[in-house]
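The values are calculated or read from the model by the stated rules, or taken from the named source; none is laboratory data. Everything numeric in this text was worked out from a predicted model, so none of it was measured. Here the Cβ positions follow ideal geometry from the backbone for every residue, glycine too, while neighbour counts run over all protein chains shown.
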Amino acid sequence: MANRLARISSSPLAAPIPDRRHGEAEPMLPALVRGVVFIAVLAAPFLAALLTG
């Protein structure tokens, strides 16, 4: 029984198939957007002060 379980768990169908539709950088996009928004929020008062003189 253990031998049969080992064969089933090591079969290619049991392994997760990597999804090739998405690019490698896609998981980083939400973090990148958050970083850009964070920098923009920090820079907004300085930019407003520069624009008003």
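The numbered conditions (1) surrounded by fewer than 10 Cβ atoms within 10 Å (Cβ to Cβ); (2) at pLDDT 60 or above are all true for ASP19 except (2).
Residue count for the stretch 35-53 under the criterion of being at pLDDT below 95 and either assigned to a helix (DSSP H, G or I) or hydrophobic (A, V, I, L, M, F, W, C) (or both): the result is 1.
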